[in-house]
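Worksheet: one structure, shown below.
FYI, it's all coordinate maths here, none of it is from the lab. Everything quoted here is computed from the prediction, not taken from an experiment. Note that we place each Cβ from the backbone using ideal geometry, even for glycine, and neighbour counts take in every protein chain shown.
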Amino acid sequence: MKFVWPVVVLGLSTACPSFAAESYPKEGLDWLKKMASATNQLNYSGTFVYQQRGNSETSSIAHYVNAAGGVFAKLETLDGPAREVVRSNDQVTCYLPNTKTVLIEQRNSRYFPPAVLPERLDSIMDNYTVRIGENDRVAGYECQVIELVPKDNLRYGRRFCAEKDSGLPLAVRTFDERDEPVEAFAYTQLSIGGSFSREKVRSKYAEKSRSQKWRIDRSALSINDRPFETGWMVDNQPAGFKKLMEVQRSIGGRPGHVAQIVFSDGLAAVSVFVEPIPRERPAQALSHRGAVNIYTREVADHMITVLGEAPAATVMQIGDSLKRKTDAAIR
Amino acid sequence: MEKLSALMDSELDDHEARSELARLNERPETRRLWATYHVIGDAMRGEHLLSGRFNERLAHRLAQEPTVLAPQRRPAKKLITYALSAAASLSAVAMVAWVALSTGSVTTAPQARVAEAPALTQAKPARPQVVSLPSDGRLNEYILAHQGFSPSTAIQGVTPYIRSVAAQRPAKTR
């Protein structure tokens, strides 16, 4: 798999500048909407490769919508240690057989609908230039290239290739400030269509994890399950990022309340988690998983974990400007 | 001078070598002599000569190397990496990182180093020069908790969830 996009864009801009300079915001945004609805409403199954900074792993995917509109999906890694992710409506469950662990993330879409795109299209336009690229071919399907080029270096660029008819994104690549690829998803085999059956989206570890009593780390939004005032604020958020929501929740099966505040520029999101300092004090650290940068630090006897699919500097700026509202008021 | 050439030939015992190295460290003229001896030795053996002012340039490059801020496994008192970012001011921003050797409750004087301090640039937040290491899977539950709130997940669907099942293995094996 090659990352040819920067070359293509450069080539175009030198060859015929008038054409390349033109962006197609309306058409581009229509494609984004089309991709979001295809990805969540279609039935499909196949194999995709996930590449991040020199590593790549292959997984199988099955995604089905039942007659009642319920959404079910299953991911299964095909290389390395076996792992599965199963989604059924609002619940995402990760099975990690080698550590006999189950991670469950539960939320209530009545109060927190999936971050729907059309509502945030204005923010996308403010922060990215939307371009329609060339045609390409992925997993045997003709697809349309749609590029989101960031207007500054506070966010990553994206290059989607959406299946011509359905709009299903067949390849998604993320580029950093220097136009280097940081992450890529691409189908290598795909069939669109097929009908729902529970078997296709059930984890093969579902029974085993129960009978062998695997450890279950359950994370959920708090019982009140609605927007919440956590008492924390970010007073220097990166340009273009707005607060999307603020909730109180549990995480990783640990007791105690954790505040989560989510910021978004319309496409990327950065979450801030605030919780009491654990017994083992965290070191200030920066790490990454693909396009997701993760920054950990301490503020006022709390552990702060900031992460999102944005450049490290953006994630750190949010983490470094987190304050208690009371402290901010005194100043 | 005799001792210097003996040091080059590894003919000094530990104690002598240490005191000779200390002298070398204190006296620039002895250091230059040391360098000259090596150049002569290299030339006689027909080895490639380093370009002029190599030492200075190497030292300069080393000072410019980014600071590694990595998650630490900390079974006991170990080297802890701390970083402090003072990214508040709009006009001048400095990123200072230091490594502190922690020995119980006593912390030795930190060795401070300015990684980046752009002067008088306006409006743009500075890019801290920090190196990030691959996640070893200990923060998977946070990635999982974040994923569902991101608009990019709405476009890409369930595939990005593969990030939240990173294998639980230390970064160095990757």
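Using modelled backbone amide H atoms (1.01 Å from N, in-plane), which distant-in-sequence or interchain residues come within less than 5 Å of A:Gly167's amide H?
Residues meeting the amide H criterion: none.
Calculate one ³J(HN,Hα) per residue across the range A:75-83 by plugging θ = phi - 60° into the Karplus curve 6.51 cos²θ - 1.76 cosθ + 1.60, and present them in order as whole Hz with x for glycine and proline.
Ordered by residue, 3J(HN,Hα) equals 10, 9, 6, 9, 10, x, x, 5, 8 Hz.
How large is ³J(HN,Hα) for each residue in the range B:156-166, as worked out from phi by the Karplus curve 6.51 cos²θ - 1.76 cosθ + 1.60 (θ = phi - 60°), to whole Hz, x for Gly and Pro?
After applying 6.51 cos²θ - 1.76 cosθ + 1.60, I find 7, x, 7, 4, x, 5, 4, 5, 8, 10, 3 Hz.
Apply the Karplus curve 6.51 cos²θ - 1.76 cosθ + 1.60, θ = phi - 60°, to the phi angles in the range A:132-143 and return the couplings in whole Hz, x for Gly and Pro.
Working through the residues one at a time gives 8, x, 8, 8, 9, 9, 9, 6, x, 9, 5, 9 Hz.
Can you give the log10 of the normalised intensity I(q)/I(0) at q = 0.11, 0.12 Å⁻¹, computed with Debye over equal Cα scatterers of the range A:223-330?
Log-scaled intensity ratios, in q order: -0.32, -0.38.
Grab the range A:22-216 and count how many Lys pairs have their alpha-carbon atoms under 18 Å apart, sequence gap of 8 or more, or different chains.
Total qualifying Lys-Lys pairs in the range A:22-216 comes to 13.
With r as the distance between the Cβ atoms of B:Glu65 and A:Ile192 and R0 = 60 Å, compute the FRET efficiency 1/(1 + (r/R0)^6) and round to 0.05.
With R0 = 60 Å, the Cβ-Cβ based efficiency is 0.75.
Non-local amide H neighbours of A:Ile216 (under 5 Å, H modeled in plane, Pro and chain starts lacking H): which ones?
Answer set, sorted by chain and number: A:Val102.
What do you get for Rg/Rh over the range A:17-93 if you use C-alpha atoms and the Kirkwood form of Rh?
Radius of gyration over Kirkwood radius for the range A:17-93 works out to 1.12.
Could you state the principal axis extents of the C-alpha atoms in the range A:168-215, from the largest down, to the nearest angstrom?
The Cα atoms of the range A:168-215 stretch 50, 33, 13 Å along their principal axes.
What is the percent of Cα-Cα separations in chain A that go past 32 Å?
Tail of the P(r) past 32 Å holds 33 percent of the pairs.
If you count, for every residue in A:141-154, the Cβ atoms of partner chains within 10 Å of its Cβ, what is the mean?
1
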